[in-house]
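The values are calculated or read from the model by the stated rules, or taken from the named source; none is laboratory data. Computed from a prediction, not measured in an experiment: that's the story for all the values here. Here the Cβ is made from the backbone with ideal geometry for all residues, glycine too, and neighbour counts use every protein chain on show.
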Amino acid sequence: MIESQKGAPPEMPDIDLAKLPNTTIGDIYVENPRMTARQVQVNYGDKTAIEGVSLDIGGCEVISFIGPSGCGKSTFLRCLNRMNDTIKTCKVSGDIRLNGDDIYAPDVDVVPLRARVGMVFQKPNPFPKSIFDNVAYGPKIHGLAEDRGHMKQIVQEALERAGLWSEVHNRLDDPGTGLSGGQQQRLCIARAIAVSPEIILMDEPCSALDPIATARIEHLIHELSSEYSIVIVTHSLQQAARVSKRTAYFHLGRLVEVGLTDRLFMKPQHEMTNNYITGRFG
Amino acid sequence: MSDLHIVSQFQSELDAIKAKIIKMGGLVEASIVGASASLYNRDAELAEHVRASDAAIDTLEQQINDEAARVIALRSPNAEDLRLLLTVIKVSGNLERIADYSKNIAKRTRVLLELRSIDGSPAALRRMAREVELMLGDALNAYVQQDQALALSVIARDEAVDQIYNTLFREFLTFMMEDPRNITACMHLHFIAKNIERMGDHVTSIAEQVVFYTSGEKPTDERTKADVTSSDAALSGMKPTWSTGAE
């Protein structure tokens, strides 16, 4: 899952600091944050991808990251479970904590970290295994199941919570890759939640799906938000508006503005946010 | 805010809706002027023209609302674009109501031509209508220029219109008490005064929409309502004045 996402770092525009605000507009803090990021900077070689990003992610909240391509939203998302570690030239600095634990501390093992901070990618990427084994994979490597019966229970619960159980319960041994795109994405969500994460990161989870499958995923995000914190990177402004309680707008590597989604979409404070969400030249 | 949309068609659609609001505003201004002039000059032909011109205003309101709904459905606008479209729907409704009041004034003018004239009141009504027409012009300019300060000044000016109405209310009561033969004409004139006062309220509402469009906030201050004629306390306070007038 992690290896499949390896690749060259994305092209980043040079940062024109003059156009950007020095500090983020809006309240970056929440009460009882589950995750805190402070002054996060990411460099790909000598290029700065994001700079000075500070943001809290609350418990059981859905927050959207929006912004033009290359703005750093995916880069920041990938910092939150150290996915950027897989890119050799990438250097992350700043402070990111999950329930108070520094996730970049030298003694942190990224495998259990990525169980605590699950991830769902743009393109559904089930393993070339059965539906059951796809969901059982995480609990197995993390040793969460006591026996076969317990494992079955974990898999069923994860599939139920992902809204897929009724569609696949009688064909759990079929290959996961044989499902439709929307079902595959829900299978990937079931796989992520099977290890009981604290946060789920979603990187454009619906961009490869049709409107019906998208609606199902959005409904699922809403359902899951009662238990998990969900961070979603999306290019669809309407999706951000529909699913998230808060929205963060990134531009040229800075977190320009963050706030309640309804306020941000009705009355953005910064001109760049306004220009982006109204489809004007920035 | 001055940047143009990447999708130029979207920009054209918004511009077209704005242009229709301005066109509608122009027709409504003309209908206020026409209704007021027909009353003052006792001009039946002009009154008829005002009545007939209402249909074009109604059609424009329908077109604006249809177009705004279409753009909301197809473009999913946000922020200032969404605020523009929400406000055009309300503003076109306000304009349509103002035109209805003009039409009503024109209808009553036809009736008043058959009745004895009441000294002084047509001039006061013309002043009142003139003030509302100027306020409307400023509210529409504020809309086009996204001028919040101008919109707020329009809101403040509604008080003067209300005060003219209060004065007329007392005058009409006095005339009716003086001579019951004035009652029919005064009732019509009172309705006309009330119509103009309501026009002022609709213009104020347009100005409030401009504030929302430009700032994203509705005006917070409770605006002053100077029309005291519907207040029990004010009515009881007026009684001695009427008595004096009737004696």
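Below is a table of values for the structure above.
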{"read-out": "Residue, nearest to A:Ile131 (Cα to Cα), within the stretch A:151-193, restricted to residues that are touching a strand residue (DSSP E or B) at 6+ places or on another chain (Cβ under 9 Å) and among the small types (Gly, Ala, Ser)", "value": "A:Gly176"}
{"read-out": "Where a residue in the stretch A:57-78 is touching a residue at least 24 places away in the same chain (Cβ under 8 Å) and its partner, wherever it lies, is of a type in the set (A, V, I, L, M, F, W, C) and part of a loop (DSSP other than H, G, I, E, B), with Cβ under 6 Å and at least six apart", "value": "A:Gly58/A:Val30; A:Gly70/A:Met12"}
{"read-out": "Members of the stretch B:75-108 that are within 12 Å of chain A (Cβ to nearest Cβ) and hydrophobic (A, V, I, L, M, F, W, C)", "value": "B:Ala79, B:Leu82, B:Leu84, B:Leu85, B:Leu86"}
{"read-out": "Candidate set from the stretch B:50-86 (those that are surrounded by 22 or more Cβ atoms within 10 Å (Cβ to Cβ) and β-branched (Val, Ile, Thr)); member that is nearest to A:Asn275 (Cα to Cα)", "value": "B:Ile64"}
{"read-out": "Selection count where residues are part of a helix (DSSP H, G or I) and either surrounded by 17 or more Cβ atoms within 10 Å (Cβ to Cβ) or touching a Lys or Arg at 6+ places or on another chain (Cβ under 9 Å) (or both), scope the stretch B:102-123", "value": "12"}
{"read-out": "Entirely in the stretch A:79-166, the helices (runs of 4 or more DSSP H) that have 3 or more residues that are more than 25 Å from A:Arg34 (Cβ to Cβ)", "value": "A:131-141, A:148-161"}
{"read-out": "Subset of the stretch A:193-205 [at negative phi and within 11 Å of the chain's Cα centre (by Cα)]", "value": "A:Ile199, A:Ile200, A:Leu201, A:Met202, A:Asp203, A:Pro205"}
{"read-out": "Residue that is surrounded by fewer than 23 Cβ atoms within 10 Å (Cβ to Cβ), in a helix (DSSP H, G or I) and not basic (Lys, Arg), where the choices are B:Ala99, B:Ala142, B:Ala156", "value": "B:Ala156"}
{"read-out": "Qualifying position, being acidic (Asp, Glu) and under 22 Å from the mean Cα position of the chain (by Cα), among B:Glu29, B:Glu67", "value": "B:Glu29"}
{"read-out": "A:Val243 being in contact with a Lys or Arg (Cβ under 8 Å, 6 or more places away or on another chain), touching a residue at least 12 places away in the same chain (Cβ under 8 Å), at negative phi and more than 11 Å from chain B (Cβ to nearest Cβ)", "value": "no"}
{"read-out": "Residue that is touching a strand residue (DSSP E or B) at 6+ places or on another chain (Cβ under 8 Å) and either more than 29 Å from A:Ile277 (Cβ to Cβ) or surrounded by fewer than 16 Cβ atoms within 10 Å (Cβ to Cβ) (or both), where the choices are B:Ile32, B:Ile6, B:Ile22", "value": "B:Ile6"}
{"read-out": "Qualifying residue in the stretch A:255-276 (condition: crowded, with 18+ Cβ neighbours inside 10 Å, modelled with pLDDT of 95 or more and closer than 22 Å to A:Arg82 by Cβ)", "value": "yes"}
{"read-out": "Any chance A:Ser236 is under 30 Å from A:Glu31 (Cβ atoms), within 14 Å of chain B (Cβ to nearest Cβ) and in contact with a Cys (Cβ under 9 Å, 6 or more places away or on another chain)", "value": "yes"}
{"read-out": "Scan of the stretch A:169-196 for residues that are assigned to a loop (DSSP other than H, G, I, E, B) and crowded, with 21+ Cβ neighbours inside 10 Å, ordered by number", "value": "A:Leu179, A:Ala194, A:Val195"}
{"read-out": "Residues satisfying the stated conditions in the stretch B:169-204, i.e. surrounded by fewer than 18 Cβ atoms within 10 Å (Cβ to Cβ) and in contact (Cβ under 8 Å) with a residue 60 or more places away in the chain", "value": "B:Arg170, B:Thr174, B:Met177, B:Glu178, B:Arg181, B:Thr184, B:Phe191"}
{"read-out": "Residue selected from the stretch A:225-251 under the condition surrounded by fewer than 24 Cβ atoms within 10 Å (Cβ to Cβ) and aliphatic (A, V, I, L, M), by the criterion nearest to A:Ala158 (Cα to Cα)", "value": "A:Ala241"}
{"read-out": "Sole residue being more than 10 Å from chain B (Cβ to nearest Cβ), touching a strand residue (DSSP E or B) at 6+ places or on another chain (Cβ under 9 Å) and hydrophobic (A, V, I, L, M, F, W, C), chosen from A:Leu220, A:Leu209, A:Leu255", "value": "A:Leu255"}
